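The values are calculated or read from the model by the stated rules, or taken from the named source; none is laboratory data. Bear in mind the structure is a predicted one, so any value in this text is a computation, not a measurement. Glycine also receives a Cβ, built like all others from the backbone with ideal geometry; neighbour counts cover every protein chain displayed.
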Amino acid sequence: MKFIVGKKQNMTQIWNDKGEVVPVTVVIATPNVVTQVKNNEVDGYEAVQVGFGARREKNVSQAVKGHTKKFGVFATLREFRVEKPTVAVGDTLSVATFAVGDMATVSSISKGKGFQGVVKRHGFHGGPRSHGQKHSEREAGSVGGGLRNKVPKGMRMPGRMGADMITQKNLEIVAVDQENNLVMIKGALPGRRGTVVAIEA
């Protein structure tokens with residue numbers, strides 16, 4: 001299994017061997033360091049933990065500092081579930097492990113939209129624009145007052161929108177630039193520029 005953590009850069013387009021234009025998202029993934037290999041006997045499951053990026057030491061807790069003291073301070077620690085890991089603590093993972101044509105599973109946090117109403121958040125149509133309606137064009141309407149004066153669970157209402165962990169499967173790796181630590185993945189990935197992206201293939 002191949003995996004790495006990187007940062008979303010931007011979108012662009014490249015041409016494949018058939019002369020077709022392909023929209024891609026560019027992810028920069030500097031070499032990751034394996035900080036821990038978990039096993040069933042000690043941890044109850046098998047996984048590989050990797051560190052990515054740099055961070056100021058003062059912004060990291062003492063527990064994390066002690067955990068990664070051999071390798072320095074990382075901006076992100078991420079685990080990948082792996083059956084029978086073939087890497088050891090201290091190994092580095094680079095984009096060279098990926099190849100053009102690999103189908104990847106990508107996870108990242110989507111853009112945060114803040115507090116939104118039901119029209120934007122859930123696609124409600126709003127109230128009628130005539131017949132005495134004054135300020136109810138984008139209101140939600142009834143929220144179920146007949147249920148013993150309680151709001152039913154799961155009722156679609158206004159609230160915080162976005163900033164969710166999104167996982168997309170079967171995304172094609174179109175190009176790999178080993179010199180610049182870049183992976184180009186077909187299509188759009190969730191998140192803004194600089195969002196941490198986990199890639200598995």
Residue ID - farthest from ALA96 (Cα to Cα), chosen from residues in the range 19-71 that are of a type in the set (Lys, Arg) and without any contact (Cβ under 8 Å) to a residue 40 or more places away in the chain: LYS58
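Results for (1) charged (D, E, K, R); (2) modelled with pLDDT of 90 or more; (3) farther than 22 Å from GLN13 by Cα, shown as yes or no for each residue.
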| residue | (1), (2), (3) |
| --- | --- |
| SER107 | no, yes, no |
| LYS120 | yes, yes, yes |
| GLU137 | yes, no, yes |
| LEU171 | no, yes, no |
| PRO190 | no, yes, no |
| VAL197 | no, yes, no |
Could you tell me how many of the residues in the range 82-138 are among the hydrophobic types (A, V, I, L, M, F, W, C) and either in contact with a helix residue (DSSP H, G or I) (Cβ under 6 Å, 6 or more places away or on another chain) or within 30 Å of ARG160 (Cα to Cα) (or both)? 7
Is one or more of the residues making up the range 142-160 touching a residue at least 40 places away in the same chain (Cβ under 8 Å), assigned by TED's automatic domain parsing to the domain that holds VAL119 and surrounded by 15 or more Cβ atoms within 10 Å (Cβ to Cβ)? yes
